[in-house]
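Rule-based calculations on the coordinates, nothing more; no lab input. In this text the structure is predicted, and so the values were computed from the model without any measurement. Cβ placement follows ideal geometry from the backbone for every residue including glycine, while neighbour counts extend to all protein chains displayed.
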Amino acid sequence: MAIPTGTPDAIARFELILDEYGGWLRRTLSRLCPVDLGIQVDDLEQEVAVRLWRALERETEIDHLASFLYRIAANATLDAMRRARARRTKEQDALEADDGETSAPAPQLVDSRPSPEHTAERRQLLAAAGEVVRGLPPDRRRAVSLYLRGFNAGEIAELTGWTEPRARNLLYRGLATLREELREAGYDYREP
C-alpha cells in the first residue's frame, strides 16, 4: 500500500498502527464483511487505512485505538454494504426497464437479508450472551469481552498487562462458562 505524504511523525504512527493492528483488523473485517454482497476484505482494509490516515492527518484525538479502529472498520463495512445494495437495486431497475429484446432470462435476485425470525433469534442469543458475560468475574469478563471484539489471547495479554498464559486461562474459562450457561438456557452451541 502506498503511504500518503505527510509529516514523518504521522507516517511513522500510521505504519506503527497498521503493523501492530493489521492482523486484528483483517480478522475483524473478515467477520464484519458479508460474503453475499461481493464486497472484498482487501477493499475494506484499504478504506480503513485511508480513513485512519485522514484521522491522523487531522490530528484527531484517539483515546482507545482498538475501539477507534473497530468503529472505522464497522463504518467502512456499512458504507460498502450500502453501496453494494444500491448497485443491486440499480441493476434490478435496469433489468426491469429492459424492453425484452435480449434472449437471456433475467437473473433472479435473492434477498440476502436474514429473515425476521432469524434476526429475533440472534437478538435473543446476543442478549442472553451479554447477560452471561456481565455475570462473569471481572477479569474473565474483561478477557471474554475483548475476545468478542476480535482480540486473541496474546493481544488480550498485551492490552491488559497480563501474561499470555493468564489471559488464555481467563479467556478459556470465561468462554466455557458462557457456552455452558447458554446451553442451560436452551441455546445449542456447536463447535464449528
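Quick look at the numbers
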item: Pairs, first in contact (Cβ under 8 Å) with a residue 60 or more places away in the chain in segment 13-30, second buried (at least 17 other Cβ atoms within 10 Å of the Cβ) and aliphatic (A, V, I, L, M), C-beta under 7 Å, six or more apart; result: 28/73
item: Some residue of segment 128-146 being surrounded by 12 or more Cβ atoms within 10 Å (Cβ to Cβ), within 25 Å of residue 68 (Cβ to Cβ) and polar (S, T, N, Q); result: yes
item: Selection within segment 40-67 - more than 22 Å from residue 159 (Cα to Cα) and outside any helix (DSSP H, G or I); result: 40, 58, 59
item: Single unsatisfied condition, residue 41 versus (1) farther than 22 Å from residue 12 by Cα; (2) loosely packed, with under 13 Cβ neighbours inside 10 Å; (3) of a type outside the set (Lys, Arg); result: (2)
